[in-house]
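Asks: One structure coming up, written as structure tokens, with questions to follow.
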Amino acid sequence: MRSTELHRDVFRAGSKTYFNSSLFFPPEVRDDVFLLYGFVRVADDYVDSVPQQETEFRRFVDRYRRSLSGDRTGDVIVDSFVELTHRVGFDPAWTDAFLHSMKLDLTKQVHATLAETLEYVYGSAEVVGLYMARILGLSREADDAARMLGRSMQFINFIRDINEDNALGRTYLPISETSLADLTEAQARTHPDEFRSFVRAQLARYRAWQAEAERGYSFIPRSYLVPIRTAGDMYNWSAKRIAEDPFVVYRRKVKPTRARILAQAAANFVAPRRAAAIPGTGETSS
């Protein structure tokens, strides 16, 4: 089963940066990316809705299990993902990890330590990097970099979405690493230097993981590199904006415009393997 307008629309509604970047994949790859992101976005939407749709999420998981065992559930999002799983060779353990992280959003509000955060991130994002590596037909040598790309992109989302996650009663960043009681704006305004220091420390962590991910670009064929590099460049752009003024996360969601994304993609199309400066460091990626 190939991509449908439903998959595309679900993906587009949930992700501006990666959706617009993914439009630069060749059509056959782009369709598979839509199938993947249709599945992960629907699961995520169930646990992120207000109120949370726990019953619907559990039914979604049940349909996935039945489809994986060979039943046709009639759910095009689920059945298409399972077809993709078999066709490109996803490890079902990755999907188990993904669904575990989504389930955590139903029960766990605070990820106090880095270990707790990374447990969540493995299932919510690192396995998505692994899915993408299989869709692109990359060698297993690329898997570590693929995981780091998923990790770094999820982490910058945590930083960018501090205020949004506060509204959901969630803390994904390792709050035990700061003297702040929480990441509410009131607490940050009361201790502004501590808040800036904490956010910039998390951004430094993001940059290290993103740099590690970018070293894996050498495994990616030229025809697939433009959308991936473009997404990475845009997350780097967001990180730089937040580093300049960490309090911006309380004023707006720091995201590039569609015009900026498309312009960056055009620049990457001309020279996709350029040595790009990693914001906030003196290093370059190749």
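Asks: Just to check your reading of the model, which residue among GLU116, GLU83 is surrounded by fewer than 22 Cβ atoms within 10 Å (Cβ to Cβ), over 26 Å from ILE156 (Cβ atoms) and modelled with pLDDT of 95 or more?
Replies: Numbers: GLU116 fails: over 26 Å from ILE156 (Cβ atoms).
Checking each option against the conditions leaves just GLU83.
Asks: Now for a different question. Out of TYR64, TYR37, TYR18, which single residue is modelled with pLDDT under 90 and either touching a Leu at 6+ places or on another chain (Cβ under 9 Å) or outside any loop (DSSP other than H, G, I, E, B) (or both)? Full working, then the answer.
Replies: On the way: TYR64 fails: modelled with pLDDT under 90; TYR37 fails: modelled with pLDDT under 90.
Answer to the selection: TYR18.
For every residue, the table says whether it meets (1) in a helix (DSSP H, G or I); (2) more than 29 Å from ASP32 (Cα to Cα).
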site: LEU183; (1), (2): no, yes
site: ARG189; (1), (2): yes, yes
site: ALA201; (1), (2): yes, yes
site: ALA204; (1), (2): yes, yes
site: GLU212; (1), (2): yes, no
site: LEU225; (1), (2): yes, no
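Asks: Could you give me the residue pairs with C-beta distances under 6 Å whose first residue belongs to segment 227-238 and is under 13 Å from LEU262 (Cα atoms) and without any contact (Cβ under 8 Å) to a residue 60 or more places away in the chain, whose second residue is among the polar types (S, T, N, Q) and in a helix (DSSP H, G or I) wherever it lies, and which are 6+ apart or on separate chains?
Replies: Partner pairs satisfying both residue conditions: ARG229/ASN268; ASP233/GLN264.
Asks: Among the numbered conditions (1) closer than 28 Å to ALA213 by Cβ; (2) loosely packed, with under 15 Cβ neighbours inside 10 Å; (3) acidic (Asp, Glu), tell me where ASP71 comes up short.
Replies: Single failed check for ASP71: (1).
Asks: All but one of (1) under 19 Å from VAL29 (Cα atoms); (2) part of a loop (DSSP other than H, G, I, E, B) hold for ALA112; which doesn't?
Replies: That leaves (1) as the condition not met.
Asks: Does VAL128 satisfy the criteria of being modelled with pLDDT of 95 or more, closer than 26 Å to LYS253 by Cα and crowded, with 22+ Cβ neighbours inside 10 Å? Steps first, please.
Replies: Working: modelled with pLDDT of 95 or more: yes; closer than 26 Å to LYS253 by Cα: yes; crowded, with 22+ Cβ neighbours inside 10 Å: yes.
Answer is yes for this residue.
Asks: The conditions are (1) hydrophobic (A, V, I, L, M, F, W, C); (2) crowded, with 17+ Cβ neighbours inside 10 Å; (3) in a helix (DSSP H, G or I), and PHE25 fails exactly one of them. Which is it?
Replies: Single failed check for PHE25: (3).
The values are calculated or read from the model by the stated rules, or taken from the named source; none is laboratory data. Note that the structure is predicted; figures quoted are calculated from it, not measured. Note: ideal-geometry Cβ built from the backbone for every residue, glycine included; neighbour counts use all protein chains shown.
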